[in-house]
Amino acid sequence: MNNSYTRREATKLIAAAGASAFLPGALESTAAPTTMLLRKIPASGEELPVVGLGTWQTFDVSPSATVRAPLKEVLQQFVQMGGKLIDSSPMYGESEVVVGDLAAELKVASKLFMATKVWIQGREAGITQMETSMQEMRSNPMDLMQIHNLVDWQTHLKTLRAWKEAKRIRYIGITHYTVSAFDKLEKIMQSEPIDFVQLNYNIATRQAANRLLPLAQDKNIAVIVNRPFESGSLFSAVKNKPLPDWAREFDCASWGQFFLKYILGHPAITCVIPATSKVKHLTDNMQAGYGRLPNAAQRSQMEQFIQNLI
């Protein structure tokens, strides 16, 4: 693939040629593996593919089969390309029920690692909300239940521990999406036994690497990354600009892969969860989990390159 293509141009080729054209065999590196990179959940040793799927905004749609059809195609392609972790929340409107319905229709639920959140005040309200989420996503036990944006986290953490003991959930997590919450995340990670932390981290917003990512490694906490594209602003920064030639050194064929591979190049990251409702973007995103990842020196080079653009 010509490395001067923009994400839009690359995804047009993907749509035209089909996903198989951009699987590892199509990469310039003949050493590229044929399966997606896996990383272990420190708490258990269970392995997860490094590229997952977020559902914020994208899966919040009506019950119409016509409206849901593109998302059904996204989920099918996600599984075919080796994806597993899909992340949702009651905050995301109809996303949980859409995930559950489409996974059942495609008969892929057993291949997915279902993750959702509790996002409400109060113990009983939290229990009711989580039970509803499990019903809507058709996941019992739920693979991962997270406390969304730390809302009433002390209360819900007690419930989650009891549910984990009772095998109603498999893993416990906490989440946030802003740098301003990092101090709170850090305190909980330091003091509470949790399995996952979900946080914002990307090539432009790198503060998590200062303390939280090293802490996650020290505490054996898996890390899920949200907002990998900084709400799309990263694509605006590189619009109509060519990829640097050296991006080929880590099997990078698009700007989307550039941003995702940067994140995955950090050893603390377990999974990144870009959200999309388009198969062409899903295919491009998933490719970031194949082939080589940038090493520390290359990541520094990537940082400097983007810093000069934004």
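Being surrounded by fewer than 21 Cβ atoms within 10 Å (Cβ to Cβ) and either without any contact (Cβ under 8 Å) to a residue 40 or more places away in the chain or of a type in the set (Phe, Trp, Tyr) (or both) is the requirement here; does Arg211 meet it? Before the answer, list the steps.
Values: surrounded by fewer than 21 Cβ atoms within 10 Å (Cβ to Cβ): yes; either without any contact (Cβ under 8 Å) to a residue 40 or more places away in the chain or of a type in the set (Phe, Trp, Tyr) (or both): yes.
Against the criterion (surrounded by fewer than 21 Cβ atoms within 10 Å (Cβ to Cβ) and either without any contact (Cβ under 8 Å) to a residue 40 or more places away in the chain or of a type in the set (Phe, Trp, Tyr) (or both)), Arg211 qualifies.
Would you check which residues across the stretch 184-196 are assigned to a helix (DSSP H, G or I) and touching a Lys or Arg at 6+ places or on another chain (Cβ under 9 Å) and list them? Write out each step before concluding.
The initial filter retains those residues of the stretch 184-196 that are assigned to a helix (DSSP H, G or I), namely 184-191.
Residues satisfying the conditions are Glu186, Met189, Gln190.
So, in the stretch 97-142, of the ones that are in contact (Cβ under 8 Å) with a residue 40 or more places away in the chain and within 21 Å of Pro49 (Cα to Cα), which residue ends up surrounded by the fewest Cβ atoms within 10 Å (Cβ to Cβ)?
Phe113
Does at least one position in the stretch 265-275 carry a residue that is of a type outside the set (A, V, I, L, M, F, W, C), at pLDDT 95 or above and over 23 Å from Asp143 (Cα atoms)?
For the stretch 265-275, residues of a type outside the set (A, V, I, L, M, F, W, C), at pLDDT 95 or above and over 23 Å from Asp143 (Cα atoms): present.
Can you name the residue in the stretch 283-298 that is among the polar types (S, T, N, Q) and crowded, with 24+ Cβ neighbours inside 10 Å and, of all such residues, is farthest from Val74 (Cα to Cα)?
So the residue we want is Gln287.
Which residue is farthest from His148 (Cα to Cα), if the candidates are limited to the stretch 69-94 and must be out of contact with any strand residue (DSSP E or B) (no Cβ under 7 Å at 6 or more places or on another chain) and part of a loop (DSSP other than H, G, I, E, B)?
Only one residue tops the list, namely Met81.
Among Leu234, Leu293, Leu243, Leu199, which is touching a helix residue (DSSP H, G or I) at 6+ places or on another chain (Cβ under 6 Å) and part of a loop (DSSP other than H, G, I, E, B)?
Of Leu234, Leu293, Leu243, Leu199, the one residue that is touching a helix residue (DSSP H, G or I) at 6+ places or on another chain (Cβ under 6 Å) and part of a loop (DSSP other than H, G, I, E, B) is Leu293.
If you go through the stretch 207-231, how many residues are more than 24 Å from Leu53 (Cβ to Cβ) and not in a helix (DSSP H, G or I)?
Filtering the stretch 207-231 for residues more than 24 Å from Leu53 (Cβ to Cβ) gives 207, 210-211, 214-215, 217-220.
Subset that is not in a helix (DSSP H, G or I): 210-211, 220.
Residues that pass the stated criteria total 3.
The values are calculated or read from the model by the stated rules, or taken from the named source; none is laboratory data. Just so it is clear, the model here is predicted, and its values are computed rather than measured. Note that we place each Cβ from the backbone using ideal geometry, even for glycine, and neighbour counts take in every protein chain shown.
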